[in-house]
Structures are given as structure tokens and as C-alpha cells.
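See structure below.
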Amino acid sequence: MDAPATRTTCPYCGVGCGVLVARNADGTVTVRGDTEHPANFGRLCSKGSALGETVGFEDRLLAPQINGRRANWNEALDLVAATFSRTIAEHGPDSVAFYVSGQLLNEDYYVANKLMKGFIGSANIDTNSRLCMASSVAGHRRAFGADTVPGTYEDLELGDLVVLVGSNLAWCHPVLYQRIAAAKQKRPQMRIVLIDPRRTMTADIADIHLAVRPDGDVALFTGLLAWLADHDALDRAFIAAHTNGFDDAVAVAKALSLDEIADQTGVPADELRAFYTLFAHTEKAVTVYSQGVNQSSAGTDKVNAIINCHLATGRIGKPGTGPFSVTGQPNAMGGREVGGLANMLAAHMEIENPEHRDRVQRFWGAPRIASQAGLKAVEMFRAVAGGRVKAIWIMGTNPVVSMPEVGLVEAALKTCPFVVVSDVVSETDTLRLAHIKLPAAAWGEKDGTVTNSERRVSRQRPFLPSPGEARPDWEIVCDVAQRMGFGKAFSYASAAEIFAEHAALSAFENEGTRDFDIGAYAGLDIAQFEKLAPFQWPSPSGQARQRSRFFADGQFFTADSKARFVATLPKPETRTSDAYPLVLNTGRVRDHWHTMTRTGRSPRLSQHLAEPFAEIHPRDARRLGICDADIACLSIGAGSVLVRAFITPTQARGSVFVPMHWNGQFASAARINCVVPSTTDAVSGQPAFKHVPVQLSRFDAALYGFAVLREKPAASDADYWALAKCRDGWRVEFAFASAARDWRAFAAELFGCSIDADILLYQDATTGQKRFAFFADDRLAGALFLGAEPVRVSRDWAVDQLRADFAQPRSRLAIIAGRPGAGGTDRGATVCSCFSVGINQITAAIAEGCASVEAVGQATQAGTNCGSCRAEIKKILNASCRGAGVNSLGGEPQPASVLPSAAAAI
Ligand SMILES: Nc1nc2c(c(=O)[nH]1)N[C@H]1C(S)=C(S)[C@@H](COP(=O)(O)OP(=O)(O)OC[C@H]3O[C@@H](n4cnc5c(=O)[nH]c(N)nc54)[C@H](O)[C@@H]3O)O[C@H]1N2
Ligand SMILES: Nc1nc2c(c(=O)[nH]1)N[C@H]1C(S)=C(S)[C@@H](COP(=O)(O)OP(=O)(O)OC[C@H]3O[C@@H](n4cnc5c(=O)[nH]c(N)nc54)[C@H](O)[C@@H]3O)O[C@H]1N2
Ligand code: SF4
Ligand SMILES: [Mo]
């Protein structure tokens with residue numbers, strides 16, 4: 001019989017899927033999609049499906065630490081409170097700061113914001129949402145007068161045209177992608193347009209892919225506005241009754257000819273015409289956008305250029321229409337509601353507005369209230385570096401990996417007199433620099449709420465006890481606030497009480513003037529909180545729910561209730577130069593989450609792409625003398641990173657894509673933000689993570705290596721290494737600038753055995769290949785493969801050997817032969833993480849006659865659980881049907897060994 005399941009919400013992306021978690025007798029947990037949750041109706045992606053693998057207590061931060069020594073909570077909290085109070089007394093409220101996260105729950109976030117803005121009296125609280133949603137927030141506020149996302153997920157299914165801009169939905173919001181894919185299957189007339197410089201997996205459902213030049217979006221949408229005006233595709237009544245600024249915006253837009261737009265966007269004029277015509281003729285059009293829009297020096301203008309087109313056609317607030325900014329983190333939306341950004345107040349009130357400040361201060365009974373915007377993330381770390389901020393508290397984010405210009409962030413934290421970090425794991429690149437480490441309760445232990453991309457508030461419920469002394473973030477913040485003398489305002493007994501107060505503030509003197517109103521929940525008690533079902537805002541008190549969309553009535557939150565067009569003019573930018581000729585674009589992969597503190601613990605999620613890599617266009621690679629599986633060096637000024645080269649025509653010429661995920665625990669030098677400067681959008685302060693001029697070169701490796709190990713290896717001095725968890729152990733990739741060293745000693749250290757131990761060795765003098773293997777208790781303890789070329793050993797086969805029985809000495813020879821013995825198989829690089837199905841199994845199924853994704857699924861199980869790999873399977877099918885390899889540059893199906901794991905399947 002199934003154990004009773006806890007109904008909670010996935011802690012990864014902003015889709016906010018409902019999950020049901022059951023604890024098994026053996027201590028493991030089973031996770032499945034909640035069929036009753038309106039975000040996912042039972043669906044889950046690969047990350048959600050693997051949640052059970054990430055809840056183990058190993059690697060957790062279990063007790064507070066002061067300067068590296070274990071401390072008790074009282075000591076640690078006293079010290080944090082005393083140091084913050086003293087710093088404020090000596091240097092004023094603006095000498096301290098909080099840097100928080102869209103991964104905190106609403107309740108954590110609410111009290112952190114309340115403490116800083118209302119009780120410390122500074123607005124120096126900013127969040128990693130500055131790196132994520134700030135341009136959308138600024139664009140919404142410019143156009144609507146409030147940070148309002150008008151639509152709902154249903155609109156993505158009801159639309160006849162879905163335009164995806166700078167969004168790799170297939171990998172980053174997989175359940176929304178699945179919902180759109182399913183809708184298109186039902187209504188094949190539905191059209192999908194993808195606007196992205198890269199041909200990502202999301203292109204799989206797109207009818208049109210516009211490979212826009214980096215940052216060509218303002219030109220593209222400004223051109224669309226002019227086209228709509230020229231082709232009589234406007235909703236003139238809506239424009240006249242409900243908007244301002246249309247004439248100016250159109251006049252500016254018309255200054256550009258179609259040819260100029262083609263030139264600036266890199267999209268041929270006939271493709272532009274096709275897209276513009278489709279948009280003009282499709283009433284039910286929805287534009288979904290994400291980091292290709294927000295993370296730009298023109299991010300806010302991109303947002304407004306998109307919104308302009310929806311206002312001009314009146315396509316907003318009606319089913320199947322609207323601009324739709326999808327949020328990244330599980331609580332990016334909630335962070336905006338509580339006012340977690342340095343330039344917001346609380347409950348969507350404005351910090352610049354004296355009436356709002358007065359209202360919030362009265363509601364909180366606060367001794368003071370921040371009177372002006374605080375430091376935005378980039379400015380905040382600069383202020384730390386410059387000594388203006390003397391005490392900082394970082395919660396739920398890893399800025400030493402995720403901020404731009406991480407060198408500066410690192411240096412800032414090293415010189416800062418007082419750094420407090422609350423995290424759930426024991427080691428992160430940021431924790432290394434903390435004076436005080438505070439152990440926070442993690443997902444599965446925490447109690448509270450999150451708000452997803454469609455403004456739906458869902459509960460996160462605990463199903464595990466916290467390990468060690470870990471405590472919920474809200475409790476930690478409240479304990480510090482009490483010790484700073486603000487006890488009365490922070491004496492909550494439960495997350496429910498905080499949520500109720502947050503709801504009451506949203507309704508306080510609101511009267512329909514503010515979009516964010518969840519007054520219906522202001523009187524919630526613990527029992528009701530316990531049972532709280534997912535709900536969408538607005539949800540004012542005393543009224544039955546009336547609407548799930550905003551702006552159908554043409555009423556906006558500006559002074560005259562009219563929406564504002566913002567005249568946007570593309571700033572043609574060629575930021576590249578002879579020294580830095582390529583554009584670096586950064587982002588995400590399917591199975592990893594951010595800085596990998598959680599997904600890096602999951603063997604299942606680590607096998608899809610087990611190594612940091614750079615996607616390079618074949619022509620650029622040829623010009624630079626870089627071959628597939630070489631190590632590539634990206635540099636800018638003093639910073640550089642080393643990653644595996646992955647040559648693919650899906651990458652646009654002149655630009656390189658590198659994932660943001662790899663941190664100092666998983667690779668020698670792959671923190672991509674070492675080469676990303678702090679260029680920001682002037683309006684929103686959001687960094688331009690996707691447009692960095694860089695130099696790219698081949699790292700001249702004398703020797704390459706690959707190892708599988710039962711135990712986690714100690715730190716390596718190899719010039720390049722990348723570590724990934726695998727079933728039964730670890731796998732490591734290496735590259736060395738010099739081949740001169742005692743390799744037997746290196747192998748022994750890696751295997752954790754004595755140099756005199758019985759290490760099996762194979763050497764080939766002609767090729768320079770060396771292979772070492774060490775066995776303990778009839779099992780493989782470690783194998784190391786070295787060669788002058790990138791090592792051609794099947795990674796998945798090698799990983800499987802960690803669980804094989806090697807009682808027969810002869811069987812051990814297969815290891816140093818580097819390939820399966822008779823009867824052994826090589827699955828090839830993993831495509832389906834859920835069932836560990838490799839590319840070789842899929843191509844074999846296709847060879848045996850499977851002609852559809854479904855048939856491959858029936859034969860191999862691939863793609864039949866979460867479905868996140870279905871686009872990849874389809875691509876393999878298409879390539880096979882063409883009679884070619886999967887993609888001659890991404891590696892043929894056989895052997896899929898040299899490349900970063902499933903790069904072969906991308
Ligand atoms: N698997 C996975 N999913 C995630 C996350 C994760 O870490 N892993 N993180 C979550 C978070 S916090 C976020 S914010 C979201 C992000 O979700 P997305 O925004 O979809 O992800 P990214 O890969 O950052 O970037 C999206 C695309 O923008 C494109 N792009 C780059 N420059 C431009 C440009 O100038 N114009 C256009 N139109 N496109 C451009 C990139 O090529 C990339 O394919 O994902 C969420 N979901
Ligand atoms: N180059 C480049 N850089 C980027 C981006 C990009 O596209 N390109 N994207 C940016 C974006 S959109 C985002 S959102 C950021 C994300 O960047 P980060 O927020 O830095 O990434 P995470 O790895 O999610 O960090 C979360 C941290 O909080 C910890 N944690 C998890 N749960 C809890 C909890 O309940 N309480 C506490 N106290 N800690 C917890 C985790 O262990 C981890 O250390 O990265 C940004 N940086
Ligand atoms: S789409 Fe995947 S990562 Fe996002 S909330 Fe749903 S299950 Fe979690
Ligand atoms: Mo994000």
C-alpha cells in the first residue's frame with residue numbers, strides 16, 4: 001500500500017508544478033505529479049521526477065558555524081544581531097545589506113524585507129531576481145503602472161499563435177512546453193514562432209525559428225509595431241480609450257525600414273514579413289519571453305517593445321492573448337509581491353511614493369521606513385568592495401557563481417568585515433567566504449508558500465524533519481530581528497501567521513488601487529493554511545473570485561488608468577572587437593539547476609550533460625582550429641574559463657553558448673561569470689548575461705584523461721577537470737598542459753590507494769595511451785584512461801563497470817581494454833534520464849523499425865515518464881531518417897564516448 005503522500009510544490013522552476021511526495025519505509029521518497037494541481041495536472045519534467053534523489057542529508061550544513069568552528073544557535077544569532085546593530089549604530093542603516101533569493105518562500109522573504117525596509121530603515125535588500133526578472137518588472141511598471149503579469153497558463157494553450165522570445169521552454173519550463181506541445185497536437189493549426197539566436201530543443205515545436213542576432217529583439221518588435229500600423233492591424237478603439245503614447249511610439253518605429261530591421265536583426269526580410277503577417281492576422285496571439293529578453297543591456301526596452309505590440313492590437317487580458325513573462329525561480333513572482341527588490345516596497349507598493357511608505361510603516365508599526373531605493377545587486381557588491389557596506393547577509397543564493405564579474409564579488413566578500421550566509425548545503429563557493437554559516441531547512445522540510453508565473457500561490461509542505469540543527473529561514477530572520485530589539489513585530493509562531501499578515505498588507509487601504517490583493521486570505525488560521533489549495537491572485541476579500549486575467553477591462557494601474565506605450569529605438573550594437581570577436585551567450589541545460597548545489601547530487605540528472613561545454617559553430621571552430629571534444633578557453637581581460645568544445649550548427653555563427661551551472665566544486669575553471677562583466681540595463685539594473693564579447697581559443701592539451709571512481713576524489717591540480725556524480729560513484733574528465741608527471745602516482749592518489757598497490761596498467765608506446773585500473777573486493781575502485789587525444793571510451797559503459805563483479809581476473813582486462821568485453825553492451829550517451837536510456841539503444845530501436853517517438857518509447861521506455869527528452873528523441877529519429885548520423889558534428893551515434901555525455905544527442 002502506498003504511504004500517505006504530502007501535497008507540495010516543486011522547488012525548481014517558476015512553472016510551480018504540484019507534486020505528491022510519499023516517504024517509503026526505507027527512508028527514500030517517491031515523487032509524482034499532482035493531477036489536481038492546475039499548473040501541471042500531474043505532469044513533471046526530469047528535474048521534478050528526480051526530486052527524490054536530491055533530498056538526502058549528505059553534504060548538508062548541519063550546525064551554525066562562526067569562523068569555521070561549530071557554534072550553537074544562540075551564539076551565532078547573538079553575533080549576527082550584535083554586529084548588524086553595531087554597524088548600523090556606527091555607520092548608519094545603509095552600511096548593511098541583505099542579498100536574498102527567489103528560492104525563498106513568501107514567508108521568509110516577507111520577514112527579511114520587513115526587517116530591512118521597516119526596522120533597519122534601509123532598502124539595501126536586493127535579490128537574485130535582479131539577475132532574472134528585473135527587466136520584466138521595470139517593463140511592466142512602465143507600461144501598466146504596476147508589475148502585473150496579465151495572463152494565465154491556459155492562454156498558452158488557447159492562443160492560435162505562441163511567440164517564444166529568448167526562451168528555451170523545452171528545457172527551462174518543460175511542463176509549459178509540454179502543455180503547448182499537447183495543445184498543438186490537438187489543434188495543428190496553432191502556430192509557434194521561436195525567436196532565439198540558437199536553434200534550441202524548443203525549435204522542435206516551432207513552425208518558424210527566427211535566428212535573431214544577439215539583442216536584435218528591440219529592432220524586431222519595433223519593426224512589428226510599424227508593420228501593424230502600416231497594415232491596418234491595430235485595435236484603434238482600444239488604443240484611443242485605454243492607452244497613451246501610441247503616436248510617439250509608432251513614429252519612432254516607422255523611422256526604420258524593413259531592410260534596416262533585417263540588417264539589425266540578422267533575420268532576412270522575407271522571414272520578417274512572414275512573421276509580421278502571421279502576427280498581424282492572428283487575433284489570439286501570446287508572446288512568452290524569458291532571459292533572452294530580460295538579461296540584456298536593453299532588457300527593459302525589449303519588454304516594452306513586446307508589450308507595445310500587444311497594446312496596439314488590444315491583445316491583452318483576453319483568453320489566448322497577451323505578453324507573458326515567465327518567471328524563472330519557484331518564487332520569483334512571490335519575491336516581487338513581498339517587495340524583495342531594492343526599488344520596491346511591499347505588496348506592490350512603491351518606495352518613491354510617500355503615501356505608500358506611510359501606509360506600509362503604519363501597517364507594520366515600524367519605527368522607520370526606507371525612504372529611497374536601495375542598492376541593486378551589482379551596485380550592492382560594488383558597495384561591499386568599496387567598503388560602504390560593512391555587513392552583508394546572503395540567503396538562498398550563490399553569488400560567487402551566479403553574479404556577473406564574480407571576481408569582484410569574491411574580492412568584495414573577502415574584504416567585507418562581516419559576511420553571513422544561510423544555505424542548506426555545507427559547501428558552496430559563497431559559503432567558503434562566510435564568517436557565519438547558518439544552516440537553513442531545505443525543500444521538503446520547509447513550510448510556506450510560493451507564487452508561480454501565472455500568479456498562483458501554492459503551498460510548500462514539509463514531509464521530512466530537518467537534519468541536524470537546520471531551521472527555516474523565516475525563523476532565523478525573526479530571531480535576529482528580535483535580538484536587534486524588534487521582538488514585537490517579529491514574534492510569529494508559524495509560517496501561517498506571516499502569510500496572513502502578508503495577505504492583510506496586500507489588502508490594507510487597497511480599494512482596487514493595487515493589483516496585488518490577496519485579502520481573502522488575511523484571516524487565515526493554521527488549520528486553513530494547512531489545507532490551503534493553490535489559488536491565483538487577485539483574490540480580494542469579501543468577493544467571489546472574479547477574474548484570473550488582468551486588463552480585459554482596459555483599466556491599468558497608472559494615474560489615468562491608461563496603459564503607456566514606450567517608444568523604443570534599437571541601439572545597434574556591435575560590441576565585439578578584434579580582441580574579443582565572439583559573443584558569449586550563457587544559459588541553462590535541461591537537467592541542471594543553477595549552480596548545481598542540488599542537481600549535482602543526483603546521478604540521474606548529472607548524466608545528461610556531465611561536463612561544462614561551449615557550443616561553437618563549425619565555421620568558427622574551423623577558423624580557430626578547435627575540434628570537437630577539444631578543451632576551449634574563453635577569456636576576457638584577466639578572466640578565463642576552460643570547457644569542452646562542442647561543435648554544432650545549432651549555434652549561431654559568431655557566438656558561443658556556455659551553460660551557467662558549473663561551480664568550483666564540479667570543475668576546475670568553468671564558472672562562466674569569471675568572464676561576464678557587470679554590464680547592466682540602465683532602467684532595471686539587470687546584468688547582460690547573454691551578450692559578452694569574448695576571445696575563444698583552443699587549450700593546448702598535451703594529455704587528456706577520463707576516470708570513473710567509486711569514491712569522490714580529492715581536489716585535483718589538473719589544468720582542466722570536471723567532476724560528475726554517477727551511479728555508484730564519480731566520473732572525472734581531465735586535460736593537462738604537460739604530459740610529464742608520474743602517472744602511476746597520479747592514478748594511485750585518484751584511486752585513494754597506495755602507489756605500491758596492485759594497480760593494473762596498460763600502455764601503448766605508439767599512441768601514448770595509458771590505462772590504469774584498481775580493484776578492491778572484486779569490484780572496480782577506479783579506472784583512469786589517458787591519451788594524447790580526447791579519450792574515446794564510452795562513459796556510460798565505464799560507469800556501469802563500477803557495479804560489475806570482477807571476481808574473474810580475466811574480466812578485468814576489459815577495463816583496461818576500454819571497451820565492453822564479449823556480450824557487453826554500450827548504451828551510449830544518456831538521452832532519457834528517467835530510465836537511463838542511451839543514444840545507442842535509441843538508434844538500435846530505430847534501426848529495428850521504430851518510426852515515432854512513441855514507438856521508441858514502447859521499445860526502450862525512453863521518453864515515457866517525464867517526457868523531457870522527447871524532443872531529443874525526435875531529433876535522433878529525424879537524423880536517422882535522413883540516413884545521416886545524429887548530427888555529424890555532435891558525434892555519430894557510435895561511439896558516443898568522447899563528447900560531454902549526451903552532447904551527442906543535442
Ligand atoms: N533546467 C533548468 N531549468 C530552469 C533553470 C535552470 O537552472 N535549469 N532556471 C530557472 C530560471 S531561474 C530561469 S530565469 C529560467 C530561464 O529560462 P530561459 O530564459 O528559457 O533560459 P536561458 O537558457 O537562460 O535563456 C533562454 C534563451 O535565450 C536565448 N538568447 C540569448 N540571447 C538572446 C537574444 O538576444 N535574443 C533572444 N530572443 N534570445 C536570446 C539563449 O540562446 C537561450 O536559448 O529557467 C528556469 N528553469
Ligand atoms: N552567466 C549567467 N549567470 C546567471 C544567469 C545566466 O543566465 N547566465 N542567470 C541568472 C539567474 S536568472 C538566476 S535566477 C541566478 C541563480 O543563481 P543562484 O541563486 O546563485 O543559484 P542557486 O544555485 O539556485 O543558488 C541557491 C542557493 O541557495 C541554497 N538553498 C536552496 N534552498 C534553500 C533554502 O531553502 N534556504 C536557504 N537559505 N538556502 C537554500 C542552495 O544550496 C544554493 O546554494 O543566476 C543568475 N546568473
Ligand atoms: S516544470 Fe519541472 S522543474 Fe519546473 S516546476 Fe514543473 S517539475 Fe519542477
Ligand atoms: Mo532566474
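The values are calculated or read from the model by the stated rules, or taken from the named source; none is laboratory data. It should be emphasised that the depicted structure is a prediction, and the values quoted were computed from it without experimental measurement. A quick note on method: Cβ atoms are made from the backbone with ideal geometry, for glycine too, and the neighbour counts reach across all protein chains shown. Surface areas here come from the heavy atoms of the whole protein model, side chains and all, with no ligands, DNA or RNA. Shrake-Rupley method; radii C 1.70, N 1.55, O 1.52, S 1.80 Å.
Can you name the residue in segment 92-146 that is in a loop (DSSP other than H, G, I, E, B) and surrounded by fewer than 24 Cβ atoms within 10 Å (Cβ to Cβ) and, of all such residues, is farthest from ligand 4 (Cβ to nearest atom)?
It comes out as G92.
Return yes or no: is T30 more than 7 Å from ligand 3 (Cβ to nearest atom), of a type in the set (V, I, T), outside any loop (DSSP other than H, G, I, E, B) and open to solvent by 10 Å² or more (accessible area, probe 1.4 Å)?
Considered against the rule, which asks whether it is more than 7 Å from ligand 3 (Cβ to nearest atom), of a type in the set (V, I, T), outside any loop (DSSP other than H, G, I, E, B) and open to solvent by 10 Å² or more (accessible area, probe 1.4 Å), T30 comes out as yes.
Could you list, in sequence order, all residues of segment 47-91 that are in a helix (DSSP H, G or I) and in contact with a Leu (Cβ under 7 Å, 6 or more places away or on another chain)?
Residues satisfying the conditions are K47, A76.
For segment 195-231, give me the residue count where each residue is farther than 19 Å from T648 by Cα and either within 16 Å of ligand 2 (Cβ to nearest atom) or out of contact with any Cys (no Cβ under 7 Å at 6 or more places or on another chain) (or both). First the steps, then the outcome.
Of segment 195-231, the ones farther than 19 Å from T648 by Cα are 205-208, 215-231.
Narrowing further to those that are either within 16 Å of ligand 2 (Cβ to nearest atom) or out of contact with any Cys (no Cβ under 7 Å at 6 or more places or on another chain) (or both): 205-208, 215-220, 222-223, 226-227, 229-231.
Residues meeting the conditions: 17.
Pairs needed: first member in segment 329-340, more than 13 Å from ligand 2 (Cβ to nearest atom); second member anywhere, among the basic types (K, R) and open to solvent by less than 10 Å² (accessible area, probe 1.4 Å); C-beta distance under 8 Å; at least 6 residues apart or different chains.
So the pair list comes out as G339/K117.
For every residue, the table says whether it meets (1) open to solvent by less than 10 Å² (accessible area, probe 1.4 Å); (2) within 16 Å of ligand 1 (Cβ to nearest atom); (3) within 16 Å of G339 (Cβ to Cβ); (4) in contact with a strand residue (DSSP E or B) (Cβ under 8 Å, 6 or more places away or on another chain).
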position: A373; (1), (2), (3), (4): no, no, yes, no
position: E379; (1), (2), (3), (4): no, no, no, no
position: A383; (1), (2), (3), (4): yes, no, no, yes
position: K390; (1), (2), (3), (4): no, no, no, yes
position: G396; (1), (2), (3), (4): no, yes, no, yes
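I'm checking my understanding of the structure. Among residues of segment 54-71 that are touching a residue at least 24 places away in the same chain (Cβ under 8 Å) and open to solvent by 70 Å² or more (accessible area, probe 1.4 Å), which one is farthest from ligand 2 (Cβ to nearest atom)?
N67
Given the condition touching a Pro at 6+ places or on another chain (Cβ under 6 Å) and not assigned by TED's automatic domain parsing to the domain that holds F775, answer yes or no: does some residue in segment 856-868 qualify? Full working, then the answer.
First, pick out the residues of segment 856-868 that are touching a Pro at 6+ places or on another chain (Cβ under 6 Å): 868.
Checking the rest, the ones that are also not assigned by TED's automatic domain parsing to the domain that holds F775 come to 868.
Yes, that holds for at least one residue.
Looking at segment 815-823, is at least one residue without any contact (Cβ under 8 Å) to a residue 60 or more places away in the chain and within 26 Å of V31 (Cβ to Cβ)?
The answer is no, given that none of the residues of segment 815-823 is without any contact (Cβ under 8 Å) to a residue 60 or more places away in the chain and within 26 Å of V31 (Cβ to Cβ).
Any idea which of (1) more than 25 Å from S738 (Cα to Cα); (2) among the β-branched types (V, I, T); (3) assigned to a loop (DSSP other than H, G, I, E, B) is the one T767 doesn't satisfy?
(1)
For every residue, the table says whether it meets (1) surrounded by fewer than 23 Cβ atoms within 10 Å (Cβ to Cβ); (2) touching a helix residue (DSSP H, G or I) at 6+ places or on another chain (Cβ under 6 Å); (3) touching a residue at least 40 places away in the same chain (Cβ under 8 Å).
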site	(1), (2), (3)
I636	yes, no, yes
S640	yes, no, no
R644	no, no, yes
A652	yes, no, yes
Q665	yes, no, yes
A669	yes, no, yes
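Just a yes or no: is a residue in segment 376-386 more than 20 Å from A112 (Cβ to Cβ), free of Cβ contacts under 8 Å to residues at least 12 places away in the same chain, in a helix (DSSP H, G or I) and not assigned by TED's automatic domain parsing to the domain that holds A670?
no
State yes or no: is F363 assigned to a helix (DSSP H, G or I), away from ligand 2 (no atom under 11 Å from the Cβ), open to solvent by less than 30 Å² (accessible area, probe 1.4 Å) and in the same structural domain as D78 (by TED's automatic domain parsing)?
no
For the condition in contact (Cβ under 8 Å) with a residue 12 or more places away in the chain, more than 28 Å from E405 (Cβ to Cβ), within 16 Å of ligand 2 (Cβ to nearest atom) and not assigned by TED's automatic domain parsing to the domain that holds A138, what is the one hit in K725, K690, K712?
Being in contact (Cβ under 8 Å) with a residue 12 or more places away in the chain, more than 28 Å from E405 (Cβ to Cβ), within 16 Å of ligand 2 (Cβ to nearest atom) and not assigned by TED's automatic domain parsing to the domain that holds A138 holds for just one of K725, K690, K712, which is K725.
Restricting attention to segment 615-634, report how many residues are open to solvent by 20 Å² or more (accessible area, probe 1.4 Å) and not in a loop (DSSP other than H, G, I, E, B).
5
Quick test of your reading of the structure: Y12 fulfils all but one of (1) more than 16 Å from ligand 4 (Cβ to nearest atom); (2) among the aromatic types (F, W, Y); (3) outside any helix (DSSP H, G or I); (4) open to solvent by less than 50 Å² (accessible area, probe 1.4 Å). Name the failing condition by number.
(1)
Restricting attention to segment 147-168, which residues are open to solvent by 10 Å² or more (accessible area, probe 1.4 Å) and within 16 Å of ligand 1 (Cβ to nearest atom)?
If the condition is that a residue be open to solvent by 10 Å² or more (accessible area, probe 1.4 Å) and within 16 Å of ligand 1 (Cβ to nearest atom), then G166, N168 are the ones that fit.
So, T148, is that one in contact with a His (Cβ under 7 Å, 6 or more places away or on another chain) and of a type in the set (S, T, Y) or not? Break it down stepwise before answering.
Working: in contact with a His (Cβ under 7 Å, 6 or more places away or on another chain): yes; of a type in the set (S, T, Y): yes.
Considered against the rule, which asks whether it is in contact with a His (Cβ under 7 Å, 6 or more places away or on another chain) and of a type in the set (S, T, Y), T148 comes out as yes.
Contact list please: Cβ distance under 9 Å, first residue in segment 603-628 and assigned by TED's automatic domain parsing to the domain that holds W662, second residue assigned to a helix (DSSP H, G or I) and open to solvent by 40 Å² or more (accessible area, probe 1.4 Å), pairs at least six apart or on different chains.
Close Cβ pairs (under 9 Å, with a partner that is assigned to a helix (DSSP H, G or I) and open to solvent by 40 Å² or more (accessible area, probe 1.4 Å)) amount to P603/E53; R604/E53; L605/E53; I616/L624.
Looking only at segment 229-259, which residues are farther than 13 Å from T313 by Cβ, open to solvent by 60 Å² or more (accessible area, probe 1.4 Å) and assigned to a loop (DSSP other than H, G, I, E, B)?
Matches in segment 229-259: A255 only.
Is it the case that G625 is over 14 Å from N585 (Cα atoms), at pLDDT 95 or above and within 16 Å of ligand 4 (Cβ to nearest atom)?
no
Just checking, does segment 36-49 include any residue being open to solvent by 30 Å² or more (accessible area, probe 1.4 Å), of a type in the set (S, T, N, Q), more than 30 Å from N72 (Cβ to Cβ) and not assigned by TED's automatic domain parsing to the domain that holds K725?
Within segment 36-49, none of the residues are open to solvent by 30 Å² or more (accessible area, probe 1.4 Å), of a type in the set (S, T, N, Q), more than 30 Å from N72 (Cβ to Cβ) and not assigned by TED's automatic domain parsing to the domain that holds K725.
Of the residues T265, T202, T243, which is under 31 Å from the mean Cα position of the chain (by Cα) and farther than 18 Å from K571 by Cβ?
T202
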